[in-house]
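The values are calculated or read from the model by the stated rules, or taken from the named source; none is laboratory data. Bear in mind that the values here come from a model prediction, so they are computed numbers and not experimental data. When we count neighbours, we look across all protein chains shown, and the Cβ atoms used for this are built from the backbone with ideal geometry, even at glycine.
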Amino acid sequence: MRGVSEPARVVDVRAHVCPMTWVRVKLGLEAIREGEILEVWMRGDEPLRNLPRSAAGEGHEVVLCEPSESDHRLLIRKGG
Amino acid sequence: MRAEMGVGAKKRALVIGAGGLGCAVLPLLARAGLETVVLDDDTVSLSNLQRQLLFATADLGRPKADAAAERVRALVPGASVEARLERLTPEHAFDLLEGIDVVVDGSDNFPTRFLVNDACVLTGTPLVHGAILRFTGQVMSVRPSETACYRCLFEEPPPAGVVPSCAEAGVLGALCGIVGAWMAWSATSLLSGADAGNDLIVHDALAGTTRVVGLGRDPACAVCGNTPSIRSLLTERYVEAQACVA
Amino acid sequence: MLDDLRIERYARHILLREVGGVGQERILSSTVEVEGLGEAGCWAATYLALAGVGRLLLVDPRPVPAGGLGPLLPFSEEGRPRDRAAAASIGALNPDVVTSVGAPVPGEMREIAETVRLGGDGIQGVYLVATRGERAVGGWIDGHECVACVEAALEAEDASGTAPPAAALAGSTAASEILAAILQQAPRRRGLWLHRLGEPEAIGACPHGDAA
């Protein structure tokens, strides 16, 4: 994908349930700089629905949301 | 309906939920000499411990109502606390309100709040409602059919996902004590026969401010109005609609 | 500092936009002293401990009264110094908090009020609470507050002892204010307030002329 740099950090929340999923994504975003990309691995329907929404709600940009049969991949660009 | 209480009989409070608010309210009501019944069907989890002051680390995994009752009995000599490991349901609400002088609602979801409100209005049981979210808390007292009830203020539950539950949005732990203190204070005020009600206390812990919003009973309220449409507790009216699993 | 257990314990704080992992780590690094473990001080110490304040210095050698105290001191601890009993309860509530017991500094204000002092690096300050009957006074002070003013705010109550809800309100507000100061790293609004079942009442400027 053009214009998207390598993720600065990867967070795997496949073993977690709400709200720990979002907590860990938040902590991952804290650890990177504005403009950098956080890659998130999720499993199941609930995080797929809620994590992009939560990220956008806190001013971050969902660059990519890639569901699949098993694990879903999310790329978030950290906002200001 | 509530039974006649004899002279000198202790007043009895039903506390809905042994969460952040329930944990703050229970020791206060016990120290005020009230008998309490606490309702909660959940177990203690690690993320509870940041604000639910009746639970020690060693209580993880235990039923919350049991652990709460045990701790209150250890704190307050002679405390009468009955633990019920159940949720409030439309089918059993009236049974649970038998012999109850005041209901203190510290529940964390809208269907339960509306169920509690309606059950209290229909039985004429005084109610204290409290709620917390992020840094904000609110408290109101209800004298059914005399002052505003919860439904006068919030007609219907919001659709799922519109208002984040505690689980999603987070909450300042100490806020439970502030709101819980007002709830206990409101409960004893109601029981003393004071003219409580028609005030919504709203506190912002980040700004450090408190304001009071004046209320009034809505004559068109569906449950306590002049021509109420809600005259029984129909299950379908209180269906749990949760945005997330936890 | 935030391992898996702490991430879960403090999840509801970390979720707050104004807290996050950064804010929770600030709380875990903070040092707070609670001088005076009356009912209000007990409520303050409890919520500060649950929040994970890193170091909590407890000062009150008075014995735990018969009947226990607040949500923190069971009646089985009757007779034990309050600061030691509180340290034991806090240890059971939250192993992240390092408690220590200190010696009280004598003073007139100490007789009628409890203080919660935020120290260490970063923002500092002293928050006072005083309760009597159903009256509870609280607020950030600069150490020169007049004892007579606090007494006057309390004097309408001739009750001995404190109504639990008033003390709980004052103590919980103290904890809330201390946590807000830690998170915002900025001073909070100064001045004493009389807590109510409703809006608090500001206690006006000191008319007594003796305060420094």
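Can you pull out the residues in region B:109-146 that are of a type in the set (D, E, K, R) and touching a strand residue (DSSP E or B) at 6+ places or on another chain (Cβ under 8 Å)?
Filtering region B:109-146 down to residues of a type in the set (D, E, K, R) leaves B:113, B:118, B:134, B:143, B:146.
Selection gives B:Arg113, B:Arg134.
Please state which one of C:Ser76, C:Ser29 is over 22 Å from B:Gly78 (Cβ atoms), of a type outside the set (D, E, K, R), at pLDDT 95 or above and surrounded by fewer than 18 Cβ atoms within 10 Å (Cβ to Cβ).
On the way: C:Ser76 fails: over 22 Å from B:Gly78 (Cβ atoms).
Within the list C:Ser76, C:Ser29, the selection yields C:Ser29.
Looking only at region B:119-161, count every residue that is under 15 Å from the mean Cα position of the chain (by Cα) and part of a helix (DSSP H, G or I) and tell me the total.
Qualifying residue count, region B:119-161: 5.
Looking at C:Glu145 and the list (1) over 22 Å from B:Ala74 (Cβ atoms); (2) within 14 Å of chain B (Cβ to nearest Cβ), which single condition is not satisfied?
It is condition (2) that C:Glu145 fails.
For B:Gly61, only one of the following conditions fails: (1) within 14 Å of another protein chain (Cβ to nearest Cβ); (2) farther than 17 Å from B:Cys23 by Cα. What is its number?
Among (1) within 14 Å of another protein chain (Cβ to nearest Cβ); (2) farther than 17 Å from B:Cys23 by Cα, the lone unmet condition for B:Gly61 is (2).
Only residues that are free of Cβ contacts under 8 Å to residues at least 24 places away in the same chain and either buried (at least 24 other Cβ atoms within 10 Å of the Cβ) or under 23 Å from B:Phe55 (Cβ atoms) (or both): list them for region C:48-64, please. Before you say what the answer is, go through the steps one by one.
At the first step, the residues of region C:48-64 found to be free of Cβ contacts under 8 Å to residues at least 24 places away in the same chain are C:63-64.
Scanning region C:48-64 gives a single hit, C:Val64.
Kindly provide the set of residues from region C:1-25 that are closer than 23 Å to C:Ser100 by Cβ, out of contact with any Phe, Trp or Tyr (no Cβ under 6 Å at 6 or more places or on another chain) and crowded, with 21+ Cβ neighbours inside 10 Å, ordered by number.
Listed by number, the residues that qualify are C:Arg9, C:Tyr10.
Of the numbered conditions (1) under 28 Å from C:Asp96 (Cβ atoms); (2) more than 12 Å from chain C (Cβ to nearest Cβ), B:Ile100 satisfies every one except a single condition; which is it?
Against the list (1) under 28 Å from C:Asp96 (Cβ atoms); (2) more than 12 Å from chain C (Cβ to nearest Cβ), B:Ile100 comes up short only on (1).
What number of residues in region B:203-233 are outside any loop (DSSP other than H, G, I, E, B) and surrounded by 18 or more Cβ atoms within 10 Å (Cβ to Cβ)? Quick ask: steps written out before the conclusion?
Filtering region B:203-233 down to residues outside any loop (DSSP other than H, G, I, E, B) leaves B:203-204, B:209-214.
So of that shortlist, the ones also surrounded by 18 or more Cβ atoms within 10 Å (Cβ to Cβ) come out as B:203, B:210.
Qualifying residue count, region B:203-233: 2.
Among C:Val34, C:Val22, which is within 13 Å of another protein chain (Cβ to nearest Cβ) and not in a loop (DSSP other than H, G, I, E, B)?
Working: C:Val34 fails: within 13 Å of another protein chain (Cβ to nearest Cβ).
Sole residue among the options that is within 13 Å of another protein chain (Cβ to nearest Cβ) and not in a loop (DSSP other than H, G, I, E, B): C:Val22.
Restricting region B:155-176 to residues that are closer than 27 Å to B:Gln50 by Cβ and more than 12 Å from chain C (Cβ to nearest Cβ), which is modelled with the lowest pLDDT? Quick ask: steps written out before the conclusion?
Start the filter on region B:155-176 by keeping residues that are closer than 27 Å to B:Gln50 by Cβ, which leaves B:157-158, B:160-176.
Pick out the ones that are also more than 12 Å from chain C (Cβ to nearest Cβ) and you get B:157-158, B:160-163.
Details: B:Pro157: 76, B:Pro158: 76, B:Ala160: 69, B:Gly161: 66, B:Val162: 69, B:Val163: 63.
For region B:155-176, the residue satisfying everything is B:Val163.
Restricting to region B:188-202, give me the number of residues that are within 9 Å of another protein chain (Cβ to nearest Cβ) and within 17 Å of B:Gly106 (Cα to Cα). Spell out how you get there, then give the answer.
Our first condition is that a residue be within 9 Å of another protein chain (Cβ to nearest Cβ); within region B:188-202, this holds for B:188-189, B:196, B:199, B:201.
This time we only want the ones that are within 17 Å of B:Gly106 (Cα to Cα), so: B:188, B:201.
So the answer is 2.
Filtering region C:53-110 down to residues that are within 14 Å of another protein chain (Cβ to nearest Cβ), polar (S, T, N, Q) and not in a loop (DSSP other than H, G, I, E, B), which residue is nearest to B:Gly22 (Cα to Cα)?
Result: C:Ser89.
Out of the residues in region C:98-154 that are among the polar types (S, T, N, Q) and closer than 20 Å to C:Pro81 by Cα, state the one that is surrounded by the most Cβ atoms within 10 Å (Cβ to Cβ). Explain how you work it out, then say what you get.
Pass one, region C:98-154, residues among the polar types (S, T, N, Q): C:99-100, C:115, C:124, C:131.
From what is left, the residues that are closer than 20 Å to C:Pro81 by Cα are C:99-100, C:115.
Numbers: C:Thr99: 21, C:Ser100: 12, C:Thr115: 23.
Only one residue fits best here, namely C:Thr115.
Tell me, which residue of region B:126-140 that is at pLDDT 95 or above and within 9 Å of another protein chain (Cβ to nearest Cβ) is nearest to C:Leu169 (Cα to Cα)? If you could, list the steps in order and put the result at the bottom.
First, the residues of region B:126-140 that are at pLDDT 95 or above: B:126-132, B:135-140.
Then drop every residue that is not within 9 Å of another protein chain (Cβ to nearest Cβ), which leaves B:135, B:139.
Numbers: B:Phe135: 15, B:Val139: 13 Å.
Looking at the filtered set, the residue picked out is B:Val139.
List, please: which pairs have Cβ atoms under 6 Å, are six or more places apart or on different chains, and start with a residue in region A:54-73 that is farther than 13 Å from A:Arg14 by Cβ and end with one that is basic (Lys, Arg) and at pLDDT 90 or above?
Every condition considered, the pairs that remain are A:His60/A:Lys78; A:Glu61/A:Arg77; A:Val63/A:Arg77; A:Glu66/A:Arg73.
Can you tell me which residues in region B:31-44 are closer than 18 Å to C:Glu134 by Cβ and either crowded, with 20+ Cβ neighbours inside 10 Å or out of contact with any helix residue (DSSP H, G or I) (no Cβ under 7 Å at 6 or more places or on another chain) (or both)? If you could, list the steps in order and put the result at the bottom.
Of region B:31-44, the ones closer than 18 Å to C:Glu134 by Cβ are B:31-34.
If the condition is that a residue be closer than 18 Å to C:Glu134 by Cβ and either crowded, with 20+ Cβ neighbours inside 10 Å or out of contact with any helix residue (DSSP H, G or I) (no Cβ under 7 Å at 6 or more places or on another chain) (or both), then B:Arg31, B:Gly33, B:Leu34 are the ones that fit.
For C:Ala180, are the conditions met, namely being in a loop (DSSP other than H, G, I, E, B), out of contact with any helix residue (DSSP H, G or I) (no Cβ under 6 Å at 6 or more places or on another chain) and not basic (Lys, Arg)? Let's see the steps before the verdict.
Details: in a loop (DSSP other than H, G, I, E, B): no; out of contact with any helix residue (DSSP H, G or I) (no Cβ under 6 Å at 6 or more places or on another chain): yes; not basic (Lys, Arg): yes.
In short, no.
Check C:Ser172, C:Ser160 and return the single one that is at pLDDT 95 or above and either under 23 Å from B:Leu206 (Cα atoms) or among the hydroxyl-bearing types (Ser, Thr, Tyr) (or both).
Working: C:Ser160 fails: at pLDDT 95 or above.
Sole residue among the options that is at pLDDT 95 or above and either under 23 Å from B:Leu206 (Cα atoms) or among the hydroxyl-bearing types (Ser, Thr, Tyr) (or both): C:Ser172.
Just the residues that are touching a helix residue (DSSP H, G or I) at 6+ places or on another chain (Cβ under 6 Å) and surrounded by 17 or more Cβ atoms within 10 Å (Cβ to Cβ), please, taken from region B:69-83. I'd like the intermediate steps shown before the answer.
First, pick out the residues of region B:69-83 that are touching a helix residue (DSSP H, G or I) at 6+ places or on another chain (Cβ under 6 Å): B:72, B:75-77, B:79, B:81, B:83.
Once the filter is applied, which keeps residues that are touching a helix residue (DSSP H, G or I) at 6+ places or on another chain (Cβ under 6 Å) and surrounded by 17 or more Cβ atoms within 10 Å (Cβ to Cβ), region B:69-83 yields B:Val72, B:Leu75, B:Val76, B:Ala79, B:Val81, B:Ala83.
So the check is Cβ under 7 Å with 6+ separation or different chains; which pairs have a first residue in region B:84-98 that's more than 17 Å from B:Asn109 (Cβ to Cβ) and a second one that's at pLDDT 95 or above and hydroxyl-bearing (Ser, Thr, Tyr)?
Qualifying pairs under 7 Å: B:Phe94/B:Thr123; B:Leu97/B:Thr123; B:Leu97/B:Thr125.
Output yes when any residue across region A:28-43 is touching a Cys at 6+ places or on another chain (Cβ under 9 Å) and surrounded by 14 or more Cβ atoms within 10 Å (Cβ to Cβ), and no when none is.
Taking region A:28-43 and keeping what is touching a Cys at 6+ places or on another chain (Cβ under 9 Å), we get none.
No, region A:28-43 contains no residue that is touching a Cys at 6+ places or on another chain (Cβ under 9 Å) and surrounded by 14 or more Cβ atoms within 10 Å (Cβ to Cβ).
For region C:31-44, check the following and say yes or no: at least one residue is over 15 Å from the mean Cα position of the chain (by Cα), over 22 Å from B:Ala24 (Cβ atoms) and in contact (Cβ under 8 Å) with a residue 12 or more places away in the chain. Full working, then the answer.
At the first step, the residues of region C:31-44 found to be over 15 Å from the mean Cα position of the chain (by Cα) are none.
Within region C:31-44, not a single residue is over 15 Å from the mean Cα position of the chain (by Cα), over 22 Å from B:Ala24 (Cβ atoms) and in contact (Cβ under 8 Å) with a residue 12 or more places away in the chain.
In the set C:Leu2, C:Leu16, C:Leu48, which member is within 14 Å of chain B (Cβ to nearest Cβ), part of a loop (DSSP other than H, G, I, E, B) and in contact with a strand residue (DSSP E or B) (Cβ under 9 Å, 6 or more places away or on another chain)?
One residue alone meets the criteria, C:Leu16.
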